[in-house]
Amino acid sequence: MVKPAAADLLVERPAAPVRVAGTVEDIVPASLGPREEDVFGQAVAPVGAPSIRNDTDLAAQAAAALAASALFASMEIPAPNTAAAQRRHATVQFVDPAVSRVKFDREVAAFRRYEEVYRARGTVLINATFPKVTIMQCVPQLRPPAVLFGAVIDYTNFDAEPPSVSIFDPFTGRPLRMKEVFWPLPRRARAAAVDAPSSDHTPKPSSPSGQSDAVPQQIELAFVLQAWGPDDIPFMCVPGVREYHEHPGHSGDSWFRHRTAGAGRLDAILNIFHTYGTAPIVEYGVNVAFHPLPDGTTQVQAKVSGFACKELPL
Amino acid sequence: MSNEATMLAVGNGKHDEKPNHVNLTVVVNTVDTIVEANVNWKLRQVAERALKQTGTTGRSLNEFVLKDANGNPLDYERSVESYGLPSGAVLFLSLEAGANG
């Protein structure tokens, strides 16, 4: 299935598939221009997935794809100055700005007090101007050191609301899609014990105590950064982050359950970046391929494919 | 306390400490607090006192992780002395990620 233009369609996630008739220009007006913003609010050109653009070649390419496939309409990076963009970047400060600013300054001052410690853990402060803290998370123990991602922590309305955390490319300022995040902060997640299947595929009788035989608890891999799909913008799925509390799956976990415990504080967020991002990584993961050539020699190709890490934290 | 730790403590000018006590700076969610700890205390006691001093409520200690300045997690069940923590040492008590989904 071709996914021609998910990046550019400014539609809400529909409850049911919607069929749209018309030309590409009808669906995606050429006047929309660039469709993505970087974290600083500047329009940038998207990279990666093919997109419906206002130039002829790509429009024709997208039209062909439209004719042959369904169009996936999902919440993606909205166009600048649209209602969708305003909702995504909702920065209406309804808390007294003086209050939020004092709390923001307190977070930044605490960071600066131990800035060398944070830097040694791989967190480099790029900018701290109310209401946003922009950092770059690195892996200083590697040689050469690696950059995992940039992150913007937005303290608008803090702490009536939790901060928003967005992940971006620190070199371009462009928000990263899930598939572009090289290291989505993996962690171990305890899975529920499952019943061991019987060899003859018949249900196993319960034990005399009434409990079925179960295999020991299994360990599964999970990620702190999550998204609906590879083309979607990931969010940090931990309490104390605005995107977590706004997610419909977490409507029962109010921010006010976590507010006094330190969730959302700059140190708590940076600690998660360090715990699941920087700390477990011990070495580059390299794939090496050997290609015999006709002249009898061998061509060796090496490619960094990931990171080798020690035991992942829970 | 190790010799090295003692020397660091003297170097930090902590002459007025009680015997076998050290003053540890614990950063609880970006808030600093100084915990006067017996070297035989377990770090659990240090962390609990730090939470109390900073008025951090709503979560149990097990939902926090204690790290040294290098980012190494510290075991709550080990003593202050076993880590050779000198007066003036800075520890970071941060909220863990918790369950996600």
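The mean count of C-beta atoms from other chains within 10 Å of the C-beta of residues in A:231-240, rounded to a whole number, is 2. Beyond 17 Å, what percent of the Cα pairs of the stretch A:216-295 remain? Tail of P(r) above 17 Å: 64 percent of Cα pairs.
Separation of the stretch A:98-138 and the stretch A:243-302 by C-alpha centroid, Å? First find each Cα centre; the distance between them is then 20 Å. For the segment A:105-116, counting C-beta atoms of other chains within 10 Å of every residue's C-beta and taking the mean gives 2.
Here, each number is a calculation from the coordinates, and none is a lab measurement. From a predicted model like this one, the values you see are computed outputs, not experimental measurements. Note that each Cβ is placed from the backbone with ideal geometry, even for glycine, and that neighbours are counted across all protein chains shown.
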